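All remarks here apply to the structure that follows.
Coordinate-derived values only; no laboratory data. Since this is a predicted model, take the numbers as computed values, not measurements. Positions of Cβ are generated from backbone atoms using ideal geometry, with glycine treated the same way; all protein chains shown enter the neighbour counts.
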Amino acid sequence: MSDSNPSTTDALSDASPRVPSVGADPRESTRDVDPPRNKVWFRDLDEAVIAADRCVRCAACVSACPSDSIGIADSDRRPTLVKMCTGCSRCWDTCPRAGLRYEALPGASSAATPSDASATETSDAPATAAPTDDLPGPVRAAVAARGSSEGQHGGVVSTLLADLLAAGQIDGAVVASGAPLDAPTPELVTDPAEARASGGTVFDQPLQLAAVPDLIATADLPEDPKLALVGTPCVHQGVAALAGDGDYRDPRFDEHPPLDAIDLRISLWCTQALEQEHLAGVLQSAHAIDPGDVVGLDLVGNGLKVELADGTERSVPADSVAGAIPDGCLECGDATGRTADIAVGTIGSEREESTVLVRTARGERALAATDLDTRPIEETGPIAQIATWNRERARRESPREIDPDGGIWIPYAAHREAYDGTDRAPVAFNPARIQQYEEWC
């Protein structure tokens, strides 16, 4: 971890060792030294993000933990401590709702800067200048695309993955699967036919970053596989911080970066997730829609299109499902996946197409290896409009300043200063929960 990371300390307290006094209980703690200053424990992250209902379930904290101390709770599908926390601070540093200033990550800034040698056609670095000034983040090309797979909005992502698998450009792809109102699960597809069948819109998080190691371990893959990862912008923010070309790892530590098998990052545009359990309840209670009859969901205009098993469709106003949106989603100003290689959405293209923003040379090579039917997007105003709206909403909703020019790491103390006293302040645990953390942290 770099010295610029304020959550890290290189010095121990200078307090003297404590020896039990005569007559004192010898079982009382006799630590030789006090813990290092400024350590951030998972308990701190839990209170500030998870217990405060700000978790977006990107699972970056699970992937970052070097001791595998963080798992996913079956009860609410959120990160939880499963064994002793070492206080390494990595979960805090890689959470986009805690210590990671996601808007300062490479490629995340919306400001165009002069191009340089690091962004040449053969480089995997993000492009530093967009073809038009109003496009969000680095963009090398903006195209409307249509694929050959059956899927929503032209089946672009599933076609892209299938073509890359068939061409040997990737060995597998991590995608989400599941029925419309079931909790989605991460899946590793390694065959073009599997990739084509994986199309469809998922509105909840599959927590794929937590599953990547197991998916790789149980699949028939080469020794050093090249994988594509399909996920929302917040997922790719975590990947950007943790990947081998990121700034998170300290060369003093001899370790493989997590997620080093991720070779292609495909982001799905997202302004908010919808927690499936809550969404199912809203559809049933407020709209008399049986969740068991729902076979498809899609965002259309300012509402949700619900496809039913009898072939009919219902339109549900967006306002009526607002309670299913995690509060943490409202604090994100990156709707269009600025840290990804390729970002795919629907605004700016026709009904049976998808809008594709190619952000890096790696993304250019991936798009060139497919049979997608593409055309340039001439009018990029709608893309800029949704990006601006999303960014301004984040500025309103986030207690901390959204600052693309700030340092990537946000100290715990600075977070508390910004959030304490607000409706997103850290939430203290009940006594039973505190006892667990006192034993494990």
Quiz item: Which lysines have a Cα lying under 23 Å from the Cα of Lys39, excluding residues fewer than 8 positions away in the same chain?
Solution: Lys83
Quiz item: So if R0 is 45 Å, what FRET efficiency would Asp191 and Val300 give, r being the distance between their Cβ atoms, rounded to the nearest 0.05?
Solution: 0.90
Exercise. Calculate, for Ala414 and Gln385, the FRET efficiency according to 1/(1 + (r/R0)^6) with r their C-beta to C-beta distance and R0 35 Å; round to the nearest 0.05.
Key: 0.65
Practice problem: Of the options Val295, Val321, Gly311, report the single residue whose Cα projects farthest towards the positive end of the charge dipole of the range 278-321 (beta-carbon charges: Lys, Arg +1; Asp, Glu -1). | Solution: Val321
Quiz item: For the range 305-316, in order, what is each residue's ³J(HN,Hα) by Karplus, 6.51 cos²θ - 1.76 cosθ + 1.60 with θ = phi - 60°, in whole Hz (x at glycine and Pro)?
Solution: 8, 10, 9, 10, 4, 7, x, 8, 10, 10, 10, 10
Quiz item: Using the Kirkwood formula over every pair of different C-alpha atoms, what hydrodynamic radius in Å results for the range 251-379?
Solution: 17.6
Exercise. Could you compute the FRET efficiency for Asp403 and Ala322, with r as their C-beta to C-beta distance and R0 at 35 Å, rounded to 0.05?
Key: 0.80
Practice problem: Would you mind calculating the gained length between Ala288 and Ala217 on full extension (0.36 nm times residue separation, minus the Cα-Cα distance), in nm to one decimal? | Solution: 21.2 nm
Self-check item: Cα-centred dipole magnitude for the range 349-417, charges only on beta-carbon of K, R (+1) and D, E (-1), debye, nearest 20
Solution: 360
Quiz item: What Kirkwood hydrodynamic radius do you get for the range 278-321 when you take the inverse of the mean 1/r over all pairs of distinct Cα atoms, in Å?
Solution: 10.3
Quiz item: Given q = 0.16, 0.21 Å⁻¹, what are the Debye log10 I(q)/I(0) values for the range 138-237, with equal point scatterers placed on the Cα positions and solvent ignored?
Solution: -0.71, -1.19
Quiz item: What shape does the range 186-240 have by the C-alpha gyration tensor, where a ≥ b ≥ c are the square roots of the eigenvalues, rounded means a/c under 1.5, and otherwise prolate means a/b greater than b/c and oblate the rest?
Solution: oblate
Quiz item: Given the range 322-406 reduced to its alpha-carbon atoms as identical point scatterers, what log10 I(q)/I(0) does the Debye formula return at q = 0.15, 0.21 Å⁻¹?
Solution: -0.69, -1.09
